[in-house]
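The values are calculated or read from the model by the stated rules, or taken from the named source; none is laboratory data. Just so it is clear, the structure is predicted and the values come from calculations on it, not from any experiment. As a convention, Cβ positions derive from the backbone with ideal geometry for all residues, glycine included, and neighbour counts pool all protein chains shown. Note: accessible area is taken over every heavy atom of the protein model, side chains too, but ligands, DNA and RNA are not part of it. Shrake-Rupley method; radii C 1.70, N 1.55, O 1.52, S 1.80 Å.
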Amino acid sequence: MKKLLNVCFITTLLLSAVSCGNGKQPTVYIDGVPQLNPDNIEEIIGTMTTEEKVSLLIGTGMAGFTGDNPVVGETRNLVPGAAGTTWPIPRLGIPAIVLADGPAGLRIAPLRKGDENTYYCTAFPIATQLASSWDVSLVEKVGKNIGAEVLEYGCDVLLGPGMNLHRNPLCGRNFEYYSEDPLVTGKMAAAMVKGVQSNGVGTSIKHFAINNQETNRMANDARLSTRALREIYLKGFEIAVKESNPRTIMSSYNKINGTYTSESRDLLTTITRDEWGFQGTVMTDWFGGTNAPAQVYAGNDLLMPGKSNQKEDIMKALEDGSLSEEFINTNVKRILELIVVSPRFRGYEYSNKPDLEAHARVTRQAGAEGMVLLKNTEALLPLPENVRKVAAFGNTSYAFIAGGTGSGDVNEAYTVSLVEGLENAGFELDEELKGAYLDYRKKEEGKREKTRSRDMLSAFMPQKPFEEYLPSEKMIRQMAQNNDIAFITIGRNSGEFMDRRLEDDFLLTATEKEMLSKVSEIFHQEGKKVVVILNIGGVIETTCWKDLPDAILLAWQGGQEGGNAVADILTGKVNPSGKLTMTFPVAWEDHPSSAHFPTGNEPKTGKSLMAIMESGEPEKERDPIANVDYTEYKEGIFVGYRAFEHFGTEVSYPFGYGLSYTTFQYGQPEVSSRRGVYTVSLDVTNTGNLEGKEVVQLYVAAPGKDMIKPEKELKAFAKTGLLGPGQTEKVEMVFSTSDLASYNQERSGWVTEPGTYEIRLGASSADIRSEASITVKKEIFQAVNNVLTPQI
């Protein structure tokens, strides 16, 4: 394997006896030219030409899009399949570093021309599933595993985690994101960042910010109040920045109140750096923004993947005086600070041999921990020993979906399907039914192959699923007579570039409804039970059919070990402890955001997404289209459970909900405070017959004297260890008075109102088990900059 040791690193080793006497690394000169090291960045900047500085601000391009950059061929081969690289300047000892997707595991090319080795990566559970574990230590463990693969495959920065909120169930990339709640989002992202970066590689929290739809994501203007912006949509990013110090942030494509995020100094400098104290690098999303000089001024340091016209535009702005070189130098400094801590700069000899077997064990554990048991009539699950013969219905039973598509996808070596997981656990699958499904899939795949598009963009987009195969009523009855139980898998996939649709996606298809109805009816007539497995990446409608089966397991998309993880839950090897991090509504229209979200029925813009990505500009000379060119966030802070509780709207499954095979009792909480920090502790006791884990959720109801407030908001949570029957654990949760504050737009600051705050501890937002209260004696006000205000 080629050793990628940069010249500066080798030379430093040779001259290790030289000392500056002040603990700093001395500068090494080659032919009189200083070589970069962590302690001489200012000197290097002073040595760089203007052209070199500007070049460093722009990536080296992306195959298939910007082949005009001369070094694309050179740098692209550092790690085939990586998303991009920074610009190298060899004369100064500045290497290119490698940036690679993505949120559910490293995304690189698994096969290389002329190379018999394979470079598969581990497909971990989707972010939504990880968050559903409510276990930050587990998420950090997953991050450590992902970071190990980033390191050993020669990459320097992982482009993740994704942190946008689940504003609406139809967002195509919700699977990449954690929750509808900013606290859960921030805590999970911080854990992931800590885990990944423990390997010495970087992360890029994204998409900053308000990238809550894929429809016209390159140009959509998100129009919202500064209160909603700060309380709901920026809060998770703030938590992640302050608690985990991510090396980079990725700005999003969209505008906020009229300005592209990558061109907003208010967002990228005033809020992110001045208020939050972020010290790292900001990069664009790929082809994000339209005005390179404005991006530089905003504090968007690195423009990815890089286009030659961006360099020309910046050089022109410097020449005509519209952009000061001071801003160039500041951005260059941040990029060099990123480079000097990278494995590539430090000369790490990566192996291309991460421990994929060990990582598979972790993804199986994480998959099971994040699954949510939605229904379990008469304690059907875990399955008793005498239930062995299984009839598996549903196309997805035989081709489990490991994760979503696009940059959040992973090129894994295998995916364990439901039937494979069941067979591995000792169940007997009905071979006749299995054969019928496999034959059907083979025929449908043959039809698809003939019409498959080969362009680059299509490879990133979710494929239209096969029409669900429905066995004859005669065959269903035969299956009911010959087997002990029926499993029905409902599958959904989504991804980058497209939002989901209401019909045949959020809602079940007509064939799926018929399958659920017929299988449930016939199996029940034979005295047999039915279990539904939801192999989905986002919320679907459940109200109209959830009474049909005897049990429902929300398996999400559990990565490459998904089928084995499901079997672990079904057999009782793992007791489900996952809880929803979003609400399942009765109807899609119940979400207040649904009145202002694209449904696919909007007028077409007429400009292809490929053209928008190439030019970075939306189609012009037409009237703006609502929910396409602009989206109004009229629901304000009332997103998810905040909305449903505020308006008294019935839901199918509430935020925080999830069943267990055992039961838990909550003790009376004890509250202590010190200098505005509150610690709440309580005993949790396993009162059932099986060992299990419980998630305790701490909600706070504010006085709401001067501002409209949600009924309650999540302020902390804790997950117990594995408790045996009768065992008790004391859990502690911490929050501060600043966590109780709301943003007051008129006063431009955070306000913690005086009065009594009710602490509500529950197993879900709708299942409050214990209560306490605290009193804030006087108002606490923290002024901040009045920026990113809505346009009138």
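Structural remarks
- Of the residues in the range 403-411, at least one is of a type in the set (S, T, N, Q) and in a helix (DSSP H, G or I).
- Within the range 128-138, being among the small types (Gly, Ala, Ser) and open to solvent by 10 Å² or more (accessible area, probe 1.4 Å) holds for one residue alone: Ser137.
- Whichever residue in the range 576-592 is surrounded by 24 or more Cβ atoms within 10 Å (Cβ to Cβ) and out of contact with any helix residue (DSSP H, G or I) (no Cβ under 6 Å at 6 or more places or on another chain) and, among such residues, is farthest from His359 (Cα to Cα): His591
- Condition met for Ala379 (at positive phi, at pLDDT 95 or above and either buried (at least 22 other Cβ atoms within 10 Å of the Cβ) or hydrophobic (A, V, I, L, M, F, W, C) (or both)): yes
- Residues of the range 273-280 include at least one that is surrounded by fewer than 20 Cβ atoms within 10 Å (Cβ to Cβ), over 21 Å from Asn220 (Cα atoms), out of contact with any helix residue (DSSP H, G or I) (no Cβ under 9 Å at 6 or more places or on another chain) and not aromatic (Phe, Trp, Tyr).
- Filtered residue count, the range 193-207, keeping only those that are surrounded by fewer than 24 Cβ atoms within 10 Å (Cβ to Cβ), within 16 Å of Ile239 (Cα to Cα) and touching a residue at least 60 places away in the same chain (Cβ under 8 Å): 0
- Qualifying residue in the range 24-46 (condition: at pLDDT 95 or above, under 27 Å from Pro305 (Cα atoms), in a strand (DSSP E or B) and open to solvent by less than 70 Å² (accessible area, probe 1.4 Å)): yes
- Residue within the range 488-500 that is of a type in the set (Val, Ile, Thr), within 16 Å of Phe466 (Cα to Cα), touching a Leu at 6+ places or on another chain (Cβ under 7 Å) and open to solvent by 10 Å² or more (accessible area, probe 1.4 Å) present: no
- Which listed residue, of Glu713, Glu694, is surrounded by 21 or more Cβ atoms within 10 Å (Cβ to Cβ), at pLDDT 95 or above, touching a Ser or Thr at 6+ places or on another chain (Cβ under 9 Å) and of a type in the set (D, E, K, R): Glu694
- Inter-residue pairs, beta-carbon under 6 Å, first assigned to a loop (DSSP other than H, G, I, E, B) and in the range 355-380, second β-branched (Val, Ile, Thr) and open to solvent by less than 20 Å² (accessible area, probe 1.4 Å), 6+ apart: Met371/Ile569
- So Leu158, is it within 29 Å of Asn212 (Cβ to Cβ), buried (at least 24 other Cβ atoms within 10 Å of the Cβ) and aliphatic (A, V, I, L, M): yes
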